[in-house]
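A.B. asks: Take a look at this one; I'll ask things after.
The values are calculated or read from the model by the stated rules, or taken from the named source; none is laboratory data. Just so we're clear, the structure is a prediction, and the values are computed from it rather than from any experiment. Here the Cβ positions follow ideal geometry from the backbone for every residue, glycine too, while neighbour counts run over all protein chains shown. Surface areas here come from the heavy atoms of the whole protein model, side chains and all, with no ligands, DNA or RNA. Shrake-Rupley method; radii C 1.70, N 1.55, O 1.52, S 1.80 Å.
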Amino acid sequence: MRLVHRRPLLAGTLAAATLVGVVGVATAASAATGCRVTYTVSSQWNGGFGANVAVTNLGDPLNGWQLTWSFTAGQQVTQYWNGTVTQNGGRVTVGNTTWNAALGTGASASFGFNGSWNNASNPAPTDFALNGTPCTGSTTPTTPTTPTPGTPPPTTPPPTPTTPPPTTPPPTTPPPPTPSTTPSGAEATIVPDPSWTCGRSAGLVPPTRGRLVFRATAQLGAIRDVGVTQYGHRRILDIRGGTVTGDRINGTILTGGLDLELTLGSGATELEQVAILRTGDGTPIYLRTCGVAPAGESTVRIVPDFEAPNSSAYAWLNTGTYVGTRTVDAATNTLTLAVYDVAGVSPADPRVQLRDPAGTANQPWDCLTGSGTRGAAVFTETVTLGASVSVGASKRGTRNIIPITGGTVTGRVTGTVLPGGADYQLIGATSTLDARYVLSTDDRELILVRNCGAFGRLVPTFEARAAGPYAFLNANTWLSSDPGSAPGGVSITFYERR
């Protein structure tokens, strides 16, 4: 199971940034070549790290580029974005994507990756090269040598060669391969692990075999790195607005959504996303998305699930069959969804089978349930809330969304409730709460919270850094009070379950 960089990261083991800036020297006659590279280790945790790389072209304009370097301590790239990556031993080659191939003079391209390391040494590379030009000095144009004015050219003829020239031209080194612009496996059916099927146990078909429904671009707020939890490496992307465009639907993305990215030990990604859409005519739509990606793929294959009002012009979203893609652009701090109608498209070969690493706990899709009685109080939250967004009657009942705008935490955990997320509650014969949000502790740890269930039977689940001081919460043996009234919102206490 993974959300990329450019970003404020609050992991408790946040490493100091490593910056490397170097400039290349021109090597071709009558052409300027050179580059500058900034390599930043943005976060580091047990067995893994995240890095951002910016390369600036100081020479003549390029249309297509490759940046190479060597890792010297066994580091391996496990996930990447905004580039195409290959690695052979310690040698890494990053090529452009379709949208950042043009690199004018003075222009920069940025990409990022997650990698593994040996927990002992993680030195920054020092041998960067852009299209074969080492980034080790200043940019210097090379021009043909001309005679000094006033000095006559030599008149002595060159000596006659005694050895005839070879009839076979000397071997040459072929140019580096053109970077692929199609991610590997893009046209394959992805068969997910049985623990995270996204409702498509037979496989997620290539979305472009269907018909495009819409594209959405979400602006991101903070990108929060929780670190390695009981499920894998968790990142949380805070959705702060955006736009939706398509033939049958146009509108905006509202604040109050979360993109929950999980990178497994295998390098594969499992994704859950909750978002709120509002069409141009004011119709609210609840969107919950499940996704997967093989190791090394920055584009996540998604299955979106819509809840639109049954009485609206968008009720057709409730019954369609959809698959799409989700990508994150580190340079613009945006998240893009492309959703396709794949009704009638059947899973077919080639197929990519995903398997979760053995011994790793599986993250749940549904609310957890639990019986027992309340024991000792663990901590109490006072949560402030924004204005409700009522979807109304839809395919699962009446959906009502209450954005979370902040709050405080006291007890065995002290800190704040971060703005972002919401209570995506479902009102029916039995009303069910489903609150998603993030806690920031006073000692700079992050805890992902889901408090879910019917009134009187709320069961919370927590996800904290497995090597951190709040790992005890990951046991998920807790109960929650019902929300009680508090200034600007509600008060909730969490208890040990006996």
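A.B. asks: So, by mean Cβ neighbours within 10 angstrom, what's the order for 258-268, 371-381, 55-65 with the highest one leading?
C.D. replies: Working: 258-268: 23.7, 371-381: 14.6, 55-65: 18.7.
Ranking, from highest mean packing down: 258-268, 55-65, 371-381.
A.B. asks: From the square roots a ≥ b ≥ c of the eigenvalues of the alpha-carbon gyration tensor of the stretch 364-464, which class results: rounded (a/c under 1.5), prolate (a/b over b/c), or oblate?
C.D. replies: Values: a/c = 2.21, a/b = 1.38, b/c = 1.60.
Verdict is oblate for the stretch 364-464.
A.B. asks: With r as the distance between the Cβ atoms of D281 and K395 and R0 = 30 Å, compute the FRET efficiency 1/(1 + (r/R0)^6) and round to 0.05. Show your work: numbers first, answer last.
C.D. replies: Numbers: r = 20 Å, r/R0 = 0.67.
It comes out at approximately 0.90.
A.B. asks: Going by average Cβ density within 10 Å per residue, which order do the peptides 326-339, 106-119 take, highest to lowest? Before the final figure, lay out each step's value.
C.D. replies: Values: 326-339: 20.6, 106-119: 18.9.
Per-residue Cβ counts within 10 Å, averaged per peptide and sorted highest first, yield 326-339, 106-119.
A.B. asks: Shifting gears a bit: Quote the FRET efficiency, to the nearest 0.05, computed for T126 versus A202 with a Förster distance R0 of 41 Å and r equal to the Cβ-Cβ distance. Please report the intermediate quantities before stating the final value.
C.D. replies: Numbers: r = 48 Å, r/R0 = 1.17.
That pair, T126 with A202, gives E of 0.30.
A.B. asks: If the chain between A387 and A348 were fully stretched, how many nm would it gain, using 0.36 nm times the residue separation less the Cα-Cα distance?
C.D. replies: Length gained, A387 through A348: 9.5 nm.
A.B. asks: What Kirkwood hydrodynamic radius, in Å, does the stretch 261-396 give when the mean of 1/r is taken over all pairs of distinct Cα atoms and then inverted?
C.D. replies: On the way: mean 1/r = 0.0549 Å⁻¹.
It is 18.2 Å.
A.B. asks: Next up: Residues of the stretch 241-272 with amide nitrogen under 20 Å from the 7 Å Cα-to-Cβ point of A313?
C.D. replies: Under cut-off, by backbone N: 243-254.
A.B. asks: Moving to a separate point now. Take R497, R211 and sort them by solvent-accessible surface of the protein heavy atoms, 1.4 Å probe, largest at the top. It would help to have the intermediate numbers written out before the result.
C.D. replies: Numbers: R497 75, R211 120 Å².
So the residues, ranked largest to smallest area, are R211, R497.
A.B. asks: In square angstrom, rounded to the nearest 10, how much accessible surface does I401 have for a 1.4 Å probe?
C.D. replies: About 0 Å², ignoring ligands and nucleic acids.
A.B. asks: A further question on this structure: Between N119 and N250, what is the label-point separation in nm under the 7 Å Cα-to-beta-carbon projection?
C.D. replies: Here the modelled spin labels are 5.5 nm apart.
A.B. asks: Ok, one more. Where a ≥ b ≥ c are the square roots of the eigenvalues of the C-alpha gyration tensor, would you call the stretch 198-250 rounded, which needs a/c under 1.5, or, failing that, prolate if a/b is larger than b/c, or oblate?
C.D. replies: Values: a/c = 4.07, a/b = 1.29, b/c = 3.15.
Oblate, because a/c is 1.5 or more while a/b does not exceed b/c.
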